[in-house]
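Accompanying notes for the structure given below.
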Amino acid sequence: MTDSPVTVPVCYNHPSKETYVRCTRCDRPICPDCMNEASVGHQCPDCVKEGRRTQRSARTAFGGSAAGRAGTVTRTLIGVNVAVMVLSVATGGLGAIAGGGWGGLLGSSTPLLQWGSVWGYGIANGEWWRLFTAMFLHLGVLHLLVNMYALWILGRDLEAALGRVRFLALYLLAGLGGNVASFLFANPARDSVGASTAVFGLMAAMFVVLKRLNLSVQPIVPVLVINVIFTFTVSGLSKSGHLGGLIVGALAAVALAYAPAKRRTLFQALGCGAIAAVLVILAILRSVSLTT
């Protein structure tokens, strides 16, 4: 009488590797290369993929993806603004960095700024892109740094709270709102640029979000007050642009933060869409008034 040979289990994914470890979900043998640590034991790659597919992704208090905690959109927006500044220098020379207004602290105008700024007569004659491009252009490096610092401080927290898509919608609506306000109320012969329209919207949104979460608004109130005072006391700033971004940012934040839990995404989309539609209508009416 002979004993039958003992068969050593091999990994289901790597037949050449012997193992005595099994997946806690499907009980298949798995080697160290296929082990994924679980709350109890280890799982194979197939079971991990299945769990991710069927598991509901984490959401923020306002329905956004928890992926916003990584701050990807904030970093991307900063990267776009910096890239546009580099392009402005490449097309306009070192004068795009400094040597212009405010005793040389600001940059001078460049072909890129002339092409993409909020210039009323240009917009009225069909150059609609100016209402969008102006929020990514800056008059010198100091102007850029101030706005990007504010975007970095405010953007990461708002993106984490709202999620990536909602935060991007908020930023673009606030920037557009400020530029439309500048188009409506500022001298159409003068032009303006800067991300401050969007940044003012983020400041207002932070106030709304903190209120909605029943958190203290003390950290943001002084920032709002100081920046509004700064807007009205320092010459050369776009008062209408800053206040327009502030108001539209607040309205967009209300639409995002106070949407009812049931069918939240639909109400958020309708609210932001309605704000965008009103801005477009106002811009059209202003264009008509400037060309008739």
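What follows draws every value from the coordinates through simple rules; no lab data is involved. Only a predicted model underlies this, so the values are computations on that prediction, with no experimental measurement involved. Quick reminder, even Gly has a Cβ in these numbers, built from the backbone with ideal geometry, and neighbours come from all protein chains shown.
Across the options Leu139, Ala205, Val278, the greatest Cα extent toward the positive end of the charge dipole of the chain (unit charges at beta carbon of Lys, Arg, Asp, Glu) belongs to Val278.
Packing around the peptides 134-142, 198-206, 24-32, taken as the average count of other Cβ atoms within 10 Å per residue, puts them in this order, highest first: 198-206, 134-142, 24-32.
Over the Cα atoms of the chain, what is the Rg over Rh ratio if Rh follows Kirkwood? Walk me through the numbers before you get to the answer.
Details: Rg = 26.5 Å, Rh = 21.9 Å.
Rg divided by Rh gives 1.21.
Charges were assigned to the Cβ only: +1 to each Lys and Arg, -1 to each Asp and Glu. The resulting dipole of the stretch 102-232 about its Cα centre is roughly 280 debye.
Any idea what the dipole of the chain comes to, in debye rounded to 20, about its Cα centre with Lys/Arg Cβ at +1 and Asp/Glu Cβ at -1?
Values: 23 positive and 11 negative charges, 157 e Å.
Roughly 760 debye, rounded to the nearest 20.
At 222 nm, what value in deg cm²/dmol follows for the chain if DSSP H runs of at least 4 each add -39500 (n - 2.57) and the sum is divided by all its residues, to the nearest 500? Please report the intermediate quantities before stating the final value.
Working: 11 runs with 167 residues, N = 292.
Using -39500 (n - 2.57) per qualifying helix, the result is -19000 deg cm²/dmol.
Largest GNM mean-square fluctuation across Leu172, Leu251, Leu224, computed for the chain with C-alpha springs under 10 Å, falls on Leu224.
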